[in-house]
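Following: one structure in structure tokens, then a few remarks.
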Amino acid sequence: MMNEEKKDIDILAIETSCDETAAAVVRNGREVLSNIIYTQIKLHTVFGGVVPEIASRKHIEKINPVIEAALAEAGKKLSDIDAVAVTYGPGLVGALLVGVAEAKAIAYGTKKPLIGVHHIEGHISANYIEHKELEPPFLCLVASGGHSHLVLVRDYGVYEIIGRTRDDAAGEAFDKVARAIGLGYPGGPKVDKLARQGNPRAITFPRAKIADAPDDFSFSGLKSAVLNYLNQCQMKGEEVNKADVAASFQQSVVDVLTDHTIQAAKRLKIDKVAIAGGVASNSTLRGQMKEVCEKNGKKFYYPSPVYCTDNAAMIGAAAYYEYMKGSRAGWDLNAVPNLKIGSR
């Protein structure tokens, strides 16, 4: 008797942790049938950063059309979906609540399983989408506006934090430096673009190391060094070469991120290294990490830029492995703005 063919699992995923309203339909954790993102960047640019109240209101306005678009693009009806997944933390509490309430309503109305997904686990899982061969264990650097983590992925859904930031996250430092040199918000892509016109060795900025925790990060000293440099130039009446400042600052961040990651991979004897999060779309980081991994005999994985920033496809990828393990959320699922990775 022939074995019954394995059924495909299609998951509707929702992501509203910050200022992107996103929905996706993901099959078997690796195949994206649709990925719709409504970004609010223009709304928040005038304020120089995300305004939580505005983000929450816009999520409420856009979430139904975004979900409808995701289902339409995938050629699916709600009745075709096997489970509903949603980011429940970490993030902005008001923004998270919009997605959680929507997911619970859909799951309850359709009698489908509900799966809560950790936002950072989603970022890590973005690597599964375009690298079908990637399987745990591997080491993943997660660098974004709110997080700088070195995570050992022991198995699907099994994570161990090896290193974390002691102060500013890498993306936060990018935003603050971008503001200081007059680039505005969002800082990461603007610094990356300007840095291509500058000399990354023009100015020597610090590369912080923490004596008792070699895998941890610290970027507040670097941010202060850039601000001090700008103030000194202003006091002396010297013209600031913004491209050189951007390039030198960016090189300092990238050197720290790549060095900590590769040293941890060597010490842990891990031969697969991945990056994730908004800063993972930085061209210098991608290039340098690739070079360092090749030099040290490590396989390097990274998502396309669309899967680095907040999106729902990555949430659907992470949710699939939770679904297969039998993880289900109850109707008491709530937003947890400071949710720690690996906690359920």
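The values are calculated or read from the model by the stated rules, or taken from the named source; none is laboratory data. What you are looking at is a predicted structure, and each value in this text was computed from that prediction instead of being measured. Here the Cβ is made from the backbone with ideal geometry for all residues, glycine too, and neighbour counts use every protein chain on show.
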Q) If we scan region 52-61, do we find a residue that is over 12 Å from THR16 (Cβ atoms) and β-branched (Val, Ile, Thr)? A) yes
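Do the conditions hold for SER125, that is, is it under 23 Å from ALA225 (Cα atoms), among the hydroxyl-bearing types (Ser, Thr, Tyr) and either touching a helix residue (DSSP H, G or I) at 6+ places or on another chain (Cβ under 9 Å) or not assigned by TED's automatic domain parsing to the domain that holds VAL226 (or both)? Please lay out each step first, then the result.
Numbers: under 23 Å from ALA225 (Cα atoms): no; among the hydroxyl-bearing types (Ser, Thr, Tyr): yes; either touching a helix residue (DSSP H, G or I) at 6+ places or on another chain (Cβ under 9 Å) or not assigned by TED's automatic domain parsing to the domain that holds VAL226 (or both): yes.
Criteria not met by SER125.
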**Q.** Filter result (over 18 Å from the mean Cα position of the chain (by Cα) and buried (at least 24 other Cβ atoms within 10 Å of the Cβ)) within region 135-177
**A.** VAL177
Q) Considering only residues of region 74-98 that are in contact with a Gly (Cβ under 9 Å, 6 or more places away or on another chain) and outside any strand (DSSP E or B), which is surrounded by the fewest Cβ atoms within 10 Å (Cβ to Cβ)? A) LEU78
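Can you tell me which residue in region 108-127 is nearest to ALA143 (Cα to Cα), limited to those that are surrounded by fewer than 24 Cβ atoms within 10 Å (Cβ to Cβ) and out of contact with any Pro (no Cβ under 6 Å at 6 or more places or on another chain)?
So the first thing to find is which residues in region 108-127 are surrounded by fewer than 24 Cβ atoms within 10 Å (Cβ to Cβ), and the list is 108-114, 127.
Those left that are additionally out of contact with any Pro (no Cβ under 6 Å at 6 or more places or on another chain): 108-114.
Details: TYR108: 35, GLY109: 37, THR110: 36, LYS111: 36, LYS112: 33, PRO113: 31, LEU114: 28 Å.
Per the criteria, the residue is LEU114.
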Q. Going through region 226-285 one residue at a time, which ones are surrounded by fewer than 24 Cβ atoms within 10 Å (Cβ to Cβ) and not in a helix (DSSP H, G or I)?
A. GLY237, GLU238, GLU239, VAL240, ASN241, LYS269, ILE270, ASP271, LYS272
Q: Take ALA173 and decide whether it is more than 18 Å from TYR320 (Cβ to Cβ) and modelled with pLDDT under 95.
A: yes
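Return the residues of region 313-344 that are among the hydroxyl-bearing types (Ser, Thr, Tyr) and crowded, with 24+ Cβ neighbours inside 10 Å; say none if nothing qualifies.
Narrowing region 313-344 to residues among the hydroxyl-bearing types (Ser, Thr, Tyr): 320-321, 323, 327, 343.
Answer for region 313-344, where residues must be among the hydroxyl-bearing types (Ser, Thr, Tyr) and crowded, with 24+ Cβ neighbours inside 10 Å: just TYR320.
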Q: Identify the residue in region 37-53 that is among the aliphatic types (A, V, I, L, M) and loosely packed, with under 15 Cβ neighbours inside 10 Å and, among all such residues, is modelled with the highest pLDDT.
A: ILE41
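Listed here are the residues, each with its yes/no results for (1) over 11 Å from ALA312 (Cβ atoms); (2) small (Gly, Ala, Ser); (3) in contact (Cβ under 8 Å) with a residue 40 or more places away in the chain.
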site	(1), (2), (3)
VAL25	no, no, yes
GLY29	yes, yes, yes
THR45	yes, no, yes
ALA55	yes, yes, yes
GLY75	yes, yes, yes
ALA85	no, yes, yes
GLY89	yes, yes, yes
Q | Complete set of residues in region 31-43 that are in contact (Cβ under 8 Å) with a residue 40 or more places away in the chain and of a type in the set (A, V, I, L, M) | A | VAL32, LEU33, ILE36, ILE37, ILE41
Q.
Cβ contacts < 6 Å: first residue over 21 Å from VAL93 (Cα atoms), restricted to region 314-337; second residue of a type in the set (Ser, Thr, Tyr) and surrounded by fewer than 20 Cβ atoms within 10 Å (Cβ to Cβ), any location; separation 6+ or different chain. Result?
A. TYR321/TYR156
Q) In region 232-258, what count of residues is obtained for those that are touching a residue at least 12 places away in the same chain (Cβ under 8 Å) and of a type in the set (D, E, K, R)? A) 3
Q: Could you check, for region 301-309, whether at least one of its residues is surrounded by 16 or more Cβ atoms within 10 Å (Cβ to Cβ), within 12 Å of the chain's Cα centre (by Cα) and among the polar types (S, T, N, Q)?
A: yes
Q) Within the set of pairs 6+ apart or on separate chains, which have a first residue in region 180-204 that is in the same structural domain as LEU227 (by TED's automatic domain parsing), a second that is in a loop (DSSP other than H, G, I, E, B) and loosely packed, with under 13 Cβ neighbours inside 10 Å, and C-beta atoms under 8 Å apart? A) TYR185/PHE47
Q. Quick check: is even one residue across region 94-112 closer than 20 Å to GLY277 by Cβ, at pLDDT below 95 and of a type in the set (Gly, Ala, Ser)?
A. no
Q) Out of all the residues in region 1-58, which are of a type outside the set (A, V, I, L, M), assigned to a helix (DSSP H, G or I) and more than 17 Å from VAL86 (Cβ to Cβ)? A) LYS42, HIS44, THR45, PRO52, GLU53, ARG57, LYS58
(Q) Can you list residue pairs whose Cβ atoms sit under 6 Å apart, with the first residue in region 288-299 being within 12 Å of ASP271 (Cα to Cα) and the second being surrounded by 12 or more Cβ atoms within 10 Å (Cβ to Cβ)? Count only pairs 6 or more apart in sequence or on different chains. (A) CYS293/VAL273; CYS293/PHE300; ASN296/ILE262; LYS298/ALA265; LYS298/ASP271; LYS298/VAL273; LYS299/LYS272
